[in-house]
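What follows is a short report on a single structure.
Taken together, the values in this text are just the output of simple stated rules run on the coordinates, not laboratory data. Since this is a predicted model, take the numbers as computed values, not measurements. A quick note on method: Cβ atoms are made from the backbone with ideal geometry, for glycine too, and the neighbour counts reach across all protein chains shown.
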Amino acid sequence: MNLEFDIHDCRILAELQADARISMAELGRRVHLSQPAVTERVRRLEAAGVITGYRAVVDPARLGYAIRAVVRVGRCEQSRMLRALEDTPEVLSAYNVTGEDSWVLEIAVRDVGHLDAVLQKYCMLSVTSTAIVLRVVRERQPLKPARG
């Protein structure tokens, strides 16, 4: 579905990405539309699959996960990889990618021992390479509609 986005749609998306808990009345005030008009636009963006959900963003460190890491996994049987992912709640994101590696995972673990235990699952599937995240500089950057 090819949607046309106007300035109001772009501003609505920016505001919702900054604070998904904003009321429709406040959202309307911020983007200079009435509450019914902004509500209809949000529903249209949801129906079109542009807005796919709303969620709480939590800090892994505050939940006891002191280490975040990026794990690259080489070529492996996809069904085995998918089973391993299902069995590993520590995997925050999993990307099937092109190139030398087949998968890139982002994981959160309590400590180095926990990291080792999680990595063992993936080392049994393929060659892995792990980088511990020292600092997050940008995460969940708000998106604007792409202009062709």
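If R0 is 41 Å, the Cβ-Cβ spacing of GLU4 and GLU100 corresponds to a FRET efficiency of close to 0.55. Assuming charge only on the beta carbon of Lys and Arg (+1) and of Asp and Glu (-1), the dipole of the chain about its Cα centre is about 280 debye to the nearest 20. Entry note: region 60-132 has Rg to Rh equal to 0.95, where both radii use alpha-carbon atoms and Rh is the Kirkwood radius. Rounded to the nearest 10 degrees, the inclination of helix 112-123 to the longest alpha-carbon principal axis of the chain is 80 degrees.
The smallest convex shape that holds all Cα atoms of the chain, its convex hull, gives 158 Å³ per residue.
The angle between the Cα long axis of helix 7-18 and the longest principal axis of the Cα atoms of the chain comes to about 40 degrees, rounded to the nearest 10. In order along region 30-41, the phi-based Karplus estimate (6.51 cos²θ - 1.76 cosθ + 1.60, θ = phi - 60°) of 3J(HN,Hα) comes to 5, 9, 6, 9, 6, 4, x, 5, 5, 4, 5, 5 Hz; Gly and Pro are listed as x.
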